[in-house]
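Take a look at this one; I'll ask things after.
Read-outs throughout are calculated quantities, based only on the coordinates presented, and are distinct from any laboratory measurement. From a predicted model like this one, the values you see are computed outputs, not experimental measurements. Don't worry about glycine lacking a Cβ; one is built from the backbone with ideal geometry, like all the others, and counts go over all protein chains shown.
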Amino acid sequence: MTYADADIRTRLASLPGWDYDGRDIVRTLECAGFLAAVALIDAVAQAAQAADHHPDIDLRYNRVRFALHTHSEGGITDRDFALAHRINQLSAA
């Protein structure tokens, strides 16, 4: 089940740092440096692989942008919110 725009925005209230761009839920994180950014990407990649749900990731030196939507469903689903919560946990570690 995909969520409507209004429901997505409501659910984002429980996800600090995340926004909705009309297609994806997105967050950009700034890390201490390039290697810290790569380490975060690796940690997220491990979690994403375990969940069989893979984000779009963009790395720019120490800034990492994550974009989530469920390609197979054509929108935002519970899987996206679950992975976003996990990314928040990993970025706080």
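Specify the residue that is farthest from TRP18 (Cα to Cα); the eligible residues are those in the stretch 75-93 that are polar (S, T, N, Q) and touching a residue at least 60 places away in the same chain (Cβ under 8 Å).
If we take residues in the stretch 75-93 being polar (S, T, N, Q) and touching a residue at least 60 places away in the same chain (Cβ under 8 Å), then THR77 is farthest from TRP18 (Cα to Cα).
Being more than 11 Å from ILE25 (Cβ to Cβ) and among the aliphatic types (A, V, I, L, M) is the filter; apply it to the stretch 80-93 and report the residue that is surrounded by the most Cβ atoms within 10 Å (Cβ to Cβ).
Top of the filtered list is LEU90.
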